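Undergrad: Quick one: the structure is below, questions incoming.
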Amino acid sequence: MKQNYEFALAGNPNAGKTTMFNTLTGGRQRVGNYPGVTVEKREGSMRFGSDDLNIVDLPGTYSLTAYTQEELVSRTYLVDSKPGCVINIVDATNLERNLYLTVQLLELGSPLVVALNMMDEVRKQGRHINTSLLSHHLRAPAIETVARTGEGKDDMITAAMKMSCDRQGALNPLVITYGPDLDPVITQIADMIEDLKLCDGRFPSRWLAIKYLEGDDQILDIVTKAGEKSEAIKKLAEKTAKHCKDTLGIYPESLIADYRYGFIASILKDGVMADDSALDRVILSDRIDALLTNRFFGPVIMLMVLYAMFAITFKLGAAPMGWLEALFGWLGDTVASIMPDGDLESLVVSGVIGGVGGVLGFVPLIIIMFMMVTFLEDSGYMARMAYMMDRVLRIFGLHGSSVMPLIIAGGIPGGCAVPGVMASRILRSPKEKLATLLVVPFMNCGAKVPVFILICGAFFGEKAALAMFGATITSWIFALLAARFLRSTLIRGDATPFLMELPPYRLPTFKGLIIHTWERAWQYIKKAGTVILGLSVIIWAGMTYPGLDEAQKAGFETKKSEIQTKISSVSDNDEKAGLEAKLEEISAEESMKTLRVSYAGMLGQALEPISKLAGFDWRVNIALIGGFAAKEVIVSSLGTAYSMGNVDAEHSEGLGKRLASDPGWNVAVALALMIFVMLYSPCFVTVVAIAKEASRKWAAFSMVFNTTVAFVFSVAVYNIGMWLFV
Amino acid sequence: MDIVCLRKLKVNEKAVISAVKAEGELGRRIRAMGLVPNTEIKVIGEAPLKDPVALRLKGFTLTLRNSEADYIFVEQGKS
């Protein structure tokens, strides 16, 4: 008979849980979020014989307390959704610590199958695990598996199906002893909890009692809600805590953990595991680490790896990015030639195709970048980078793992804040993650670079390279100081404990690499089709409407047609070229005037009294407003605003000369503009990414905060510059 | 046998944990990672700026900051 089952995969990080999930479900995965938190929820489906299985990949955790979001969502899922069976993926090469979670899952009473994963490595090390004895002690089936090859997965699923049918959701908690000081108290509290009917079938009462003694916030809440009757429990717990503290010098919480590990040690010593003398995999990893985390070579190699990653991304990404650009260019041209001239054509070509094309153009970059990030993460090197960088980044309230998002976003000029923000999810500590993703947009992404090149070329001439280097250093300083500022004000709080496992080096699986990379690219593509499409249309409208009045339009048309007639009548090539140049000039002037009277133009002029404090006139303001859509737009909008026609970001020397000779511009304005562009509001693709990784509130905050910082500093730079140089 | 703070151990030195004085979030995290009394540990390395340090225990490698190591007391020269 066909049946539907739901199984959950639980386990420590690095135990091969996700590899098993990929092996079981392949591409049939859905990624979502647990309600109200930014923890990823992965679900997938598979067919086993005639049955449909739904598999939920719980976040990797070391424990089941309520103190990280990951642990809390896992626990809530297990208690409320009651999966038919929990498959606990255990790294068999690291049994003792992995069983700490197993014991907690069993105490919760969940129907459980233990998958002893990485058995191939255990065998290679010449060690032996007595699986049936382990199974006997845990009172749960234990199956040997190798997630990478799929070995044992059928046995594992069969065992889970049997467990699911046998137990039918009933709780069957494992009872372990917590010693003479706690055992009687646990029983007493459990009885009181039974009397108060607090379990409502979701938890075993003994588990609630243990968690209460551990001081688990969520459980304290549940019990306190019972009102006065819970007072007795509270008193008893306080008395016990005092007793433990006085006689043993530790809190019940520590005592409970000690007994849990004691229980595990007693199982392992009872012949489950032959003593491990040779730890091959760890020894090999140690040898690699002797070089890769060496005091001198470690940082040097890290810099080389980061640079290589960057170079590869942009080398490999250049060609497909060019193709996509050409494709959208062609699409735009084709649509332009088919559709009649007018607003609708402009909307489709500039608003829709231009806007979405600009965003999709980054897809190859994101795919390659994430492939490498996933590789570094899965291979274990990312953890080493965090380990090496932590001391420095901690000064600024960040975490060792913040280094990756910062680099990707443009720590080496030319990155992109969007994958940078997305990469911040490798940070498991919420405060450091938030601070990281908020300062990531200060880095010099690839779209800010053309602006710097334009300005440096125009105002700093031969010193342009130095100015670029200065811009890179400045962006690092601002990002780090902003992080320090945020961590001591809005995101205040002690550093999250660093305690991090350095997993043995492993070669990532190709399947995992592809699945995870595609997932991230797909999220980005979906955004381009929805939010970004809408916004790019709004920005297009802002820069197009209300347009010139009829008389002005007619004036330009007359001038243009006059010259057109002349061109067709002249035969001399030089003269023809001169006339064509004149025609372009008129078009450029028309675009400039249209922009000036557009809503964006009006806004630019309205802001001029304020922006003048930093030396920016209305033309610069328009460019900066356009830059919110994508920083690439800044150079081309400046071109339009200064009647230069269509300025290509890569060939902006003409515009540079024009700016250098403009009376409204000088070195002070140039420096102020560079600072402003570096720091102001992230482009809207980044804002959308921040909203997704943090929240809408923080996305809005980043727009306001960054723009404020940018304005304050550009005003300062402008005034100091005026005083020094002008 | 001296009881010292974990921070005092040098690279390649072995010891056995005698007490963990951390409470709350840090304490829970330390215990979840297997740093409980009677566990054998060995310092296997330090980051380029001498902090964090890498420990070997129960067959795996764990890194922690010196400020976190301050809560962990070990019995030196015993293994």
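The values are calculated or read from the model by the stated rules, or taken from the named source; none is laboratory data. Keep in mind that this is a model prediction, so the values were computed, not measured. Note that each Cβ is placed from the backbone with ideal geometry, even for glycine, and that neighbours are counted across all protein chains shown. Protein only, heavy atoms only, side chains kept; ligands, DNA and RNA dropped before computing areas. Shrake-Rupley method; radii C 1.70, N 1.55, O 1.52, S 1.80 Å.
Undergrad: For residues that are outside any loop (DSSP other than H, G, I, E, B), more than 8 Å from every other protein chain (Cβ to nearest Cβ) and β-branched (V, I, T), tally how many sit in the range B:7-20.
TA: Selection size over the range B:7-20: 2.
Undergrad: Next question. Counting just the residues of the range A:368-383 that are open to solvent by 10 Å² or more (accessible area, probe 1.4 Å) and within 14 Å of chain B (Cβ to nearest Cβ), which one comes out modelled with the lowest pLDDT?
TA: A:M382
Undergrad: Would you be able to tell me the number of residues in the range A:72-99 that are outside any loop (DSSP other than H, G, I, E, B) and either among the charged types (D, E, K, R) or within 23 Å of B:E25 (Cβ to Cβ) (or both)?
TA: Residues meeting the conditions: 14.
Undergrad: Right, here's the next one. Is it the case that A:Y62 is within 14 Å of chain B (Cβ to nearest Cβ) and assigned to a loop (DSSP other than H, G, I, E, B)?
TA: yes
Undergrad: What number goes with the only condition from (1) free of Cβ contacts under 8 Å to residues at least 60 places away in the same chain; (2) surrounded by fewer than 24 Cβ atoms within 10 Å (Cβ to Cβ) that A:I412 does not pass?
TA: Just one mismatch for A:I412, condition (1).
Undergrad: Provide a single number: the residues in the range A:374-431 that are under 26 Å from A:F684 (Cα atoms) and assigned to a helix (DSSP H, G or I).
TA: 24
Undergrad: Which of the residues belonging to the range A:384-395 are surrounded by 22 or more Cβ atoms within 10 Å (Cβ to Cβ) and not acidic (D, E)?
TA: Result: A:R384, A:M385, A:A386, A:Y387, A:M388, A:M389.
Undergrad: Could you tell me which of the residues A:L236, A:L284 is surrounded by fewer than 18 Cβ atoms within 10 Å (Cβ to Cβ), in contact (Cβ under 8 Å) with a residue 60 or more places away in the chain and part of a helix (DSSP H, G or I)?
TA: A:L284
Undergrad: Just need a number here: residues in the range A:72-105 that are open to solvent by less than 10 Å² (accessible area, probe 1.4 Å) and either among the basic types (K, R) or touching a Pro at 6+ places or on another chain (Cβ under 7 Å) (or both).
TA: Of the residues in that region, 5 qualify.
Undergrad: Now a separate question. Name the residue that is nearest to A:A700 (Cα to Cα), counting only residues in the range A:654-674 that are open to solvent by 20 Å² or more (accessible area, probe 1.4 Å) and touching a helix residue (DSSP H, G or I) at 6+ places or on another chain (Cβ under 8 Å).
TA: The extreme case among them is A:L671.
Undergrad: Of the numbered conditions (1) more than 14 Å from chain B (Cβ to nearest Cβ); (2) surrounded by 19 or more Cβ atoms within 10 Å (Cβ to Cβ); (3) more than 18 Å from the chain's Cα centre (by Cα); (4) farther than 30 Å from A:V451 by Cβ, A:K511 fails exactly one; give the number of that condition.
TA: (2)
Undergrad: Restricting the search to the range A:534-553, which residues are surrounded by fewer than 15 Cβ atoms within 10 Å (Cβ to Cβ), in a helix (DSSP H, G or I) and modelled with pLDDT of 85 or more?
TA: Passing the criteria: A:E550, A:A551, A:Q552, A:K553.
Undergrad: Within the range A:100-123, can you find the residues that are within 20 Å of A:K153 (Cα to Cα) and outside any loop (DSSP other than H, G, I, E, B)?
TA: Answer for the range A:100-123, where residues must be within 20 Å of A:K153 (Cα to Cα) and outside any loop (DSSP other than H, G, I, E, B): A:T102, A:L112, A:V113, A:V114, A:A115, A:L116, A:N117, A:M119, A:D120, A:E121, A:V122, A:R123.
Undergrad: Hey, does the range A:522-533 have a residue that's open to solvent by 30 Å² or more (accessible area, probe 1.4 Å) and aromatic (F, W, Y)?
TA: Yes: the range A:522-533 contains one or more residues that are open to solvent by 30 Å² or more (accessible area, probe 1.4 Å) and aromatic (F, W, Y).
Undergrad: Here's another thing I want to ask about it. So which residues in the range A:12-45 are without any contact (Cβ under 8 Å) to a residue 40 or more places away in the chain, open to solvent by 20 Å² or more (accessible area, probe 1.4 Å) and among the hydrophobic types (A, V, I, L, M, F, W, C), if there are any at all?
TA: If the condition is that a residue be without any contact (Cβ under 8 Å) to a residue 40 or more places away in the chain, open to solvent by 20 Å² or more (accessible area, probe 1.4 Å) and among the hydrophobic types (A, V, I, L, M, F, W, C), then A:V37 is the only one that fits.
Undergrad: Here is a follow-up. Provide a single number: the residues in the range A:106-143 that are open to solvent by 60 Å² or more (accessible area, probe 1.4 Å) and in contact with a strand residue (DSSP E or B) (Cβ under 8 Å, 6 or more places away or on another chain).
TA: Within the range A:106-143, residues that are open to solvent by 60 Å² or more (accessible area, probe 1.4 Å) and in contact with a strand residue (DSSP E or B) (Cβ under 8 Å, 6 or more places away or on another chain) number 2.
Undergrad: Moving to a separate point now. Out of the residues in the range B:21-79 that are touching a residue at least 24 places away in the same chain (Cβ under 8 Å) and among the basic types (K, R), which is nearest to the other protein chains (Cβ to nearest Cβ)?
TA: Among those that are touching a residue at least 24 places away in the same chain (Cβ under 8 Å) and among the basic types (K, R), it is B:K58.
Undergrad: Restricting the first residue to the range B:1-13 and requiring it to be within 10 Å of B:I72 (Cβ to Cβ), which pairs with a second residue that is assigned to a loop (DSSP other than H, G, I, E, B) meet a Cβ separation below 8 Å and a spacing of at least six or different chains?
TA: Close Cβ pairs (under 8 Å, with a partner that is assigned to a loop (DSSP other than H, G, I, E, B)) amount to B:C5/B:D70; B:L6/B:D70; B:R7/B:D70.
Undergrad: Can you find, within the range A:232-274, the residue that is nearest to the other protein chains (Cβ to nearest Cβ) among those that are touching a strand residue (DSSP E or B) at 6+ places or on another chain (Cβ under 7 Å) and aliphatic (A, V, I, L, M)?
TA: Applying the filter and picking the extreme gives A:M273.
Undergrad: Output the number of residues of the range A:389-422 satisfying the condition of being out of contact with any helix residue (DSSP H, G or I) (no Cβ under 6 Å at 6 or more places or on another chain) and farther than 23 Å from A:V688 by Cβ.
TA: Number satisfying all stated conditions: 4.
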